[in-house]
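The values are calculated or read from the model by the stated rules, or taken from the named source; none is laboratory data. Being a predicted model, the structure only gives us computed values, none of them experimental. Neighbour counts run over all protein chains shown; Cβ positions are idealised from the backbone, glycine included.
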């Protein structure tokens, strides 16, 4: 059962530009998380935002959450070639729920 | 440095073989997960364990079973491998509650011929 859906499916930008990725979901959530996956590797947790938060920062990452629109965005500022990866959003509905992952966005940062 | 390790990075098996994928975590996490990842389908949960000897079916448990005899180890078993089980298999662990941040292993790319 897919909850989060990322948009766009693929994004290609120049090094130094900002990258914005979006995630929409269908039902009310408890938390939303973003993960990164380098090619052929496991996922790495980037950031978690709770349903009562609107914005969160971590280094060059900025995440926003709009629960009225059931959407989140991940902004990577001043992108680097090393940011080339797939990015996934994951949501939970609290209690004993597990994470439900979206299908991912492929980000390519050209040197 | 926290770690989730998986027994193999690449595995090639024949149709009908019994396949064991092993996952070990060193973070004393209660929860462990097995996912498969296929192009265009994202991550899909196969099985989940929230304690030793406890397991729950995920979204796609058919054709798989699991074993958790020790807290740190979670095994995925393909009783009789089929070509449609060719995939990337990812193991993850988390502390309680089950929706906490998950730590992933490097993945096992399984090819069934």
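Structure notes:
- Restricted to the stretch B:93-113, and to residues there that are in a loop (DSSP other than H, G, I, E, B) and more than 11 Å from chain A (Cβ to nearest Cβ), the residue that is nearest to the chain's Cα centre (by Cα) is B:95.
- Within the stretch A:64-102, the set of residues being surrounded by fewer than 19 Cβ atoms within 10 Å (Cβ to Cβ), under 19 Å from residue A:44 (Cβ atoms) and at pLDDT below 95 is empty.
- Residues located in the stretch A:64-111, provided they are within 14 Å of another protein chain (Cβ to nearest Cβ) and outside any loop (DSSP other than H, G, I, E, B): A:85, A:86, A:87, A:88, A:89, A:90, A:91, A:92, A:100, A:101, A:105, A:106
- Residue count, the stretch A:19-31 (criterion: touching a residue at least 60 places away in the same chain (Cβ under 8 Å), surrounded by 15 or more Cβ atoms within 10 Å (Cβ to Cβ) and more than 8 Å from chain B (Cβ to nearest Cβ)): 5
- Scanning the stretch B:30-52 for residues that are within 13 Å of chain A (Cβ to nearest Cβ) and in a loop (DSSP other than H, G, I, E, B) returns B:30, B:39, B:40, B:41.
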